[in-house]
Amino acid sequence: MAKIVECVPNFSEGRRREVVDAIAAEARGVAGVSVLGCEMDADHNRSVLTFAGPPEAVAEAAFRCAKRARDAVDLRLHAGAHPRMGATDVIPFVPLGDSTMEECVALSRRVGERIAKELGIPVYLYAESATRPERRKLAKVREGQFEGIRDAIGKDPARKPDFGAAAVHPSAGATAVGARFFLIAYNVNLESKDLELAKRIAKEVREKDGGFPGVQAMGLDLPEKGMVQVSMNLLDFRKTGMRTVYHRISKRAREAGVRVAESEIVGLVPRAAVHQVAAAALRLDAPLAPQVVEDNLAPGGGGDAGGGDPYDAPLPFLDLLASDSPAPGGGSAAALAASLGAALAAMVARLTVGREKYAAVGDDMARVLAEAETLRGALHRQVAVDARAYDGVMAAMKLPKKSDAEKKARADAIEAAGKRAAEVPLESARLSLRAARLGAEAAEKGNRNAASDACVAVLLARAGLRGACFNVRINLPMLKDEAWKKKALDEVASLEREAEECERRAVKASGL
């Protein structure tokens with residue numbers, strides 16, 4: 001497997017969608033990087049961006065995002081439930097594929113040094129990258145938050161940053177950069193406004209106060225939801241998983257006469273963590289993965305899923321697509337088509353890398369392979385994201401509209417949900433174009449015996465892109481923001497033009 005790194009930067013902005021979108025756009029603009037998720041929380045006033053790709057591309061994306069956040073977020077005006085020390089609060093790098101923790105540590109130090117030098121933001125190294133034992137834990141690095149660090153950084157030797165001057169950036173504060181294992185950001189919301197209860201439960205479950213190993217927790221107030229939250233970082237789900245902390249929190253809340261309203265995962269989690277929850281809940285006597293159909297059909301899985309022909313494996317998504325349910329629909333099918341294109345580009349790259357005849361393009365095709373693997377996963381996730389995108393529109397349509405205030409609230413909700421419904425297929429189209437580019441490059445440089453496969457890769461990616469663009473266009477008429485609509489239409493037209501050019505390149509290169 002190629003060297004791939006995941007990056008999960010947290011930004012101190014969770015209320016202005018345009019700012020968060022602009023930060024995410026910086027990552028999307030780096031070749032080889034796939035944005036896997038972007039979540040905002042207004043109560044926390046914080047957003048979490050997840051992207052992955054080849055190490056150096058991910059490093060570049062992390063720097064660009066930090067630069068955009070520096071220019072857009074002013075901590076002097078910031079307020080939210082979540083502790084923060086910087087506009088870009090933390091940048092963790094996580095090894096995937098053949099990447100190692102040591103490589104991620106080195107990467108984090110290069111990025112940290114660059115942020116300090118070029119952006120004027122002091123950087124503290126944390127987790128596996130920490131240069132001091134007390135800085136391994138992010139909570140210790142962030143202690144005192146922006147204001148406390150600002151007042152102490154030039155006076156207290158313990159506050160001296162690893163990179164940069166001993167002074168916070170006036171508006172962007174300081175940033176923690178490091179390498180770590182998969183961290184699961186997991187929150188449990190309680191049907192109560194009793195903040196002290198949430199804090200007591202958080203204290204019981206967190207490691208530093210004698211709770212579960214690898215658990216960081218705090219109690220937070222969520223005024224917009226009218227409830228409180230036990231907010232957690234699970235530093236190693238192999239030691240303490242989501243089910244374990246959920247049951248303890250639920251038990252303690254019940255004893256206080258309070259119910260759990262919901263729990264939430266922020267960002268992405270490893271599949272093994274989900275298997276862990278299911279296996280524990282069902283009290284299984286053996287690992288779950290060998291008995292999960294999709295796991296056995298995935299690359300590196302068990303092959304034919306029980307001894308049968310893999311081509312006869314059930315395809316429940318197709319059955320659902322063919323049903324009378326309005327979702328999944330064309331948007332999900334478009335994302336699936338483009339993911340198939342990315343998969344074919346990966347295949348052509350694998351048939352090229354390491355072959356003496358193609359040694360001159362080996363590095364190029366290794367890059368194509370790494371990006372194609374990341375892209376096909378991102379596009380596959382868009383299948384489900386698109387299916388759910390219109391739910392928000394339907395919910396907004398059902399809002400009451402008796403009073404003028406209700407009518408305005410409903411109209412605002414429809415506008416926001418409509419933009420989301422258009423943005424999701426637009427993101428699918430962006431990812432599809434990247435898949436088409438890879439297919440075209442594979443046709444031009446890859447194994448000649450797989451030239452037709454490269455062409456099909458481009459055709460599928462272009463089909464996915466055009467399908468996604470249709471879904472963008474159909475959602476625009478409900479919107480009132482003419483500038484936003486024009487921007488979306490202009491981008492759609494640009495994406496379609498370049499996809500057409502990719503197809504011409506592939507057909508010309510293949511000679512077919």
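A quick yes/no check of all residues on (1) over 24 Å from A66 (Cα atoms); (2) aliphatic (A, V, I, L, M); (3) buried (at least 17 other Cβ atoms within 10 Å of the Cβ):
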| site | (1), (2), (3) |
| --- | --- |
| P170 | no, no, no |
| T175 | no, no, yes |
| F182 | no, no, yes |
| V188 | yes, yes, yes |
| S192 | yes, no, yes |
| A198 | yes, yes, yes |
| I201 | yes, yes, yes |
| G210 | yes, no, no |
**Message:** All but one of (1) buried (at least 17 other Cβ atoms within 10 Å of the Cβ); (2) closer than 29 Å to C38 by Cα hold for C455; state the number of the condition that does not hold.
**Reply:** (2)
**Asked** Hey, among S332, S339, which residue is within 17 Å of A436 (Cβ to Cβ) and assigned to a helix (DSSP H, G or I)?
**Response** S339
**Message:** For the structure I just gave you, tell me whether R466 is over 30 Å from M394 (Cβ atoms), touching a residue at least 12 places away in the same chain (Cβ under 8 Å), surrounded by 16 or more Cβ atoms within 10 Å (Cβ to Cβ) and out of contact with any Lys or Arg (no Cβ under 9 Å at 6 or more places or on another chain).
**Reply:** no
**Residue that is farthest from the chain's Cα centre (by Cα), among those in region 59-87 that are within 21 Å of V30 (Cα to Cα) and free of Cβ contacts under 8 Å to residues at least 40 places away in the same chain** = D71
**Asked** Of all residues in region 88-104 being more than 30 Å from H78 (Cα to Cα) and within 16 Å of the chain's Cα centre (by Cα), which is surrounded by the fewest Cβ atoms within 10 Å (Cβ to Cβ)?
**Response** L96
**Prompt:** Can you spot a residue in region 14-31 that is in a loop (DSSP other than H, G, I, E, B), surrounded by fewer than 24 Cβ atoms within 10 Å (Cβ to Cβ), in contact with a Ser or Thr (Cβ under 7 Å, 6 or more places away or on another chain) and not assigned by TED's automatic domain parsing to the domain that holds L351?
**Reply:** yes
**Request:** Any chance you could count how many residues in region 428-446 are of a type in the set (D, E) and buried (at least 22 other Cβ atoms within 10 Å of the Cβ)?
**Result:** 1
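When you scan region 61-69, do you find a residue that is assigned to a strand (DSSP E or B), among the hydrophobic types (A, V, I, L, M, F, W, C) and either touching a Leu at 6+ places or on another chain (Cβ under 6 Å) or at pLDDT 90 or above (or both), even just one?
There is no residue in region 61-69 that is assigned to a strand (DSSP E or B), among the hydrophobic types (A, V, I, L, M, F, W, C) and either touching a Leu at 6+ places or on another chain (Cβ under 6 Å) or at pLDDT 90 or above (or both).
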**Asked** Name the pairs whose Cβ atoms lie under 6 Å apart, with the first residue in region 264-277 and at pLDDT 80 or above, the second in a strand (DSSP E or B) and among the charged types (D, E, K, R), and 6 or more positions between them or separate chains?
**Response** V266/E39
**Message:** Looking for something under 30 Å from the mean Cα position of the chain (by Cα), assigned by TED's automatic domain parsing to the domain that holds R70, surrounded by fewer than 20 Cβ atoms within 10 Å (Cβ to Cβ) and of a type in the set (D, E) - is there at least one such residue anywhere in region 148-161?
**Reply:** no
**Item:** Members of region 387-421 that are part of a loop (DSSP other than H, G, I, E, B), surrounded by 14 or more Cβ atoms within 10 Å (Cβ to Cβ) and modelled with pLDDT under 85
**Value:** Y390
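The values are calculated or read from the model by the stated rules, or taken from the named source; none is laboratory data. Since the model is a prediction, treat every value here as computed from it, not as a measurement. For neighbour counting, all protein chains shown are included, and Cβ atoms are generated from backbone atoms with ideal geometry for every residue, glycine included.
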